[in-house]
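Asker: Below is one structure. I have some questions about it.
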Amino acid sequence: MATIKTKITFLRELLALKEVIDTGQIQAAAERNGIKHSNMSKLIADLESRFKTTLLIRSSSGSVPTNTTRQLYADIENISNALDNIIQNLTGPEELTGYISIWTEEGFAGSQLFIELSKLYAKHPKIRLDILTNRHMNMANPDISIMDMRTAQKIPGTKPLFKFKTKAKFYTTPGYLAKYGVPRDMDDMLENFDMCIRQKFLESPECNFILKRAKKLNTTADSASIIYQLVCDGAGIALMPDWCANKNTKLTEVPNIDFSYEYVLTGISNPIKIKSPKIQAFLEFFYDFCKKYEIPLEMFD
């Protein structure tokens, strides 16, 4: 039977592997835990030696788990959650500690939600968030992933936490309309006005007509933040969510355009993680955020 010392060493190595998988990089995992890169690398190397197999595929862009590692991840996650539960049972709600990893589409990460995070930190000052936007990671790994409903339904091993619908309409600044005039209708807008559209909308079946018909499609970008800033600076007209645009006095809905696009965003998580006090604390914050901004929200048990 392994000694306590051996078990503790093995546990450190397993948790180090989980950190690297969650962050995607050995350097990021080391920084997150306040240790040297070389020490984190050694923990992984020792674990690979213990298993006599490669656990991570390393490259200049990061570290990707092998198939063997993916099979191990669920067991390591169970161990990590069990430790979290023991720790949380010994502390009060105001003493919640640790990291919550949240994957979001870039546009959602740049929205009002994360401007409001000071309220979460004020209530739980020892909680820290890892906000992830890497599209190539496994969306089942973060504690919470927030994405389009259609995408979320394709990710195995997860359970929905909440969902909300949002409409997108065409917005611009009053200054832009004063300078270039008001479009008479959709055809006039697409023919004669500057369009700055997020790639996500152009790729959707409901909105890809813009790509085909707009004569002055000046800017497309994966980044919602770039599109948002361009429109606020008077560079053109963009399709953006109501609940985000309505909170900015610089923006106004474009008149005479009878079009809106509704899509559903949802939050998902591994069922094992959902009852974690940290996750529940974030969900409580998220519920209050949606209530403040009058965003229709459906929470799941």
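Read the figures in this text as sums done on the coordinates, not as results from a lab. These numbers were taken from a predicted model, which means no experiment stands behind them. Here Cβ is always computed from backbone atoms with ideal geometry, including for glycine, and neighbour counts include all displayed protein chains.
Asker: Going Cα to Cα from K215, which lysines come in below 28 Å? Please leave out same-chain ones fewer than 8 positions away.
Answerer: K167, K169, K179, K200, K250
Asker: Hey, got a sec? Which trypsin sites (Lys or Arg not before Pro) in the range 1-41 land in a DSSP loop and have at most 16 other Cβ atoms within 10 Å?
Answerer: Passing sites in the range 1-41 are K36.
Asker: On to the next question. Nearest 500 deg cm²/dmol is fine: what mean residue ellipticity at 222 nm does the chain get from its DSSP H runs of n ≥ 4 alone, each adding -39,500 (n - 2.57), divided by its residue count?
Answerer: The helix-only estimate for the chain comes to -13000 deg cm²/dmol at 222 nm.
Asker: Would you mind checking K119/K273; K36/K159; K18/K165; K5/K273 for any pair whose Cα atoms are more than 30 angstrom apart?
Answerer: Working: K119/K273 23 Å; K36/K159 35 Å; K18/K165 33 Å; K5/K273 28 Å.
Violating the 30 Å Cα-Cα cut-off are K36/K159; K18/K165.
Asker: Over the chain, with a Gaussian network built from C-alpha contacts below 10 Å, which listed residue (A122, A245, A28) shows the highest mean-square fluctuation?
Answerer: Sorting by GNM fluctuation, first place goes to A122.
Asker: Taking GluC sites (Glu not before Pro) as candidate sites, keep only those in a DSSP loop with at most 15 other Cβ atoms within 10 Å, then name the longest stretch of the chain containing none of them.
Answerer: 1-115
Asker: Going by how many other Cβ atoms sit within 10 Å of their own, how do H37, H136 line up, fewest first?
Answerer: H136, H37
Asker: Take the chain, connect every pair of alpha-carbon atoms lying under 10 Å apart with a spring to form a Gaussian network, then pick out the residue of M139, M40, M240 with the largest mean-square fluctuation.
Answerer: Fluctuation is largest for M40.
Asker: Does the range 1-76 come out rounded, prolate or oblate, given a ≥ b ≥ c as the square roots of the eigenvalues of its C-alpha gyration tensor, rounded meaning a/c under 1.5 and, failing that, prolate meaning a/b above b/c?
Answerer: Since a/c reaches 1.5 but b/c is at least a/b, the shape of the range 1-76 is classed as oblate.
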